[in-house]
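Read through the structure below, which is laid out as structure tokens, and then see the notes.
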Amino acid sequence: MDFTKSRIHPDYIGAALMILIVIAEAYSHRIMLEDLFADFSFSMLMFFSTEILALAGAAVLLFTKHRDVTKTLVVTAIIFSILQLYDAYLDMIIGEYINYDPTNFIELVLKLACSLMLIANLILYVTRRSNNLTLMLYSLGAIFCLYIIRYLNLYRMGNDFGSIIIDVSIDLPSLLLILFCILLLLSDSVKVNTLMYTIKENYRSVRRVAVPTGVRMDRSEIANLENIVRNGMDCDRYEIPLNSHYDADYRMVLTKEDCGTVLNFSFLDDDTGIGIARFVMKGVSTNTGDAETCDTVRIYGEDLFFIQLIAGGPYMAPPEKVPLKDVIVSFIKKEDAGIPEETPES
């Protein structure tokens, strides 16, 4: 699964899971929460460190610029590892007073070790010392297994099924956060960035540049091109955006020059003016002879040089992922200006 193609940006999913952690932990500490509001003291905030850290992580994901899933993975995993370190440390301190058995002690030591390995792998990854995230994947899997072992241990110690279900429901957001991080690790844009993976990605990038594949053109633009071939351009510049099979989009820019109509085929974000192909447009041909029913269109230049495109629907711009704060500010400005909110067409 590749989260870069998800309709919901991974930052929002990670933030939602952290907010659920805040709600679950606040419910488990509801008695102390009442005491906190009744008699506030900074020393009591230590008991709400999990809620504060999770809320801080959600704020970072929501109110910073949304980039690729790597940023989501790093922020989410760092917050999660700190939460696990604090949880293991707190349980070990409490264990000094309630005499945990050796099984619980070993479980907490393993949880502490996995959290430290998780942070170490993240530090190496962020500082570009290593592109390998295998240790992080194993650490997350081990922590998930430790949660399951803890529930089985509670059952072994004689806890009733109802109390175990309550513990599971409180830990459920953390378990979902582990699974979310694992899915991010397996995403096509993150997945264990070994040297071979980097070579393959660079090869795909070179191939996309050298051989544009599956470039699609709005069918309504074909008739416009045919009209330009027959009668010439009535303007100095005409641009047609093009979708493609790959993530990169393209464009055709037609300019009126002394030699005729010059077509420049390039990437959508290429402002160099060089492009992939540049020629004087001499003709337009469709496979059926009709712009309304054709499947492919060929645009000819001199010496029978041509580029072939797929005839399809209107150009679809990729959705722009902006921070939530920008969405809120834009909405407030529309409300102040009296502009009705746009609703997507069904």
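Counted by neighbouring Cβ atoms within 10 Å, the residues Leu108, Leu152 run from fewest to most as Leu152, Leu108. Segment Ser169..Ala142, full-extension length gain: 7.7 nm, with 0.36 nm per residue of separation and the alpha-carbon distance subtracted.
Look at His245, His66, His29, His9 and count the other Cβ atoms within 10 Å of each Cβ; fewest to most, that gives His245, His29, His66, His9. Taking all C-alpha pairs of the stretch 211-312, those more than 23 Å from each other amount to 19 percent. In angstrom, the C-alpha Rg and Dmax of the stretch 103-177 are 15.0, 48.
None of the figures in this text is laboratory data; all of them are computed from the coordinates on show. Predicted, not measured: the structure shown is a model, and the values here were computed from it. FYI the Cβ positions are ideal-geometry reconstructions off the backbone, even for glycines, and counts take in every protein chain you see.
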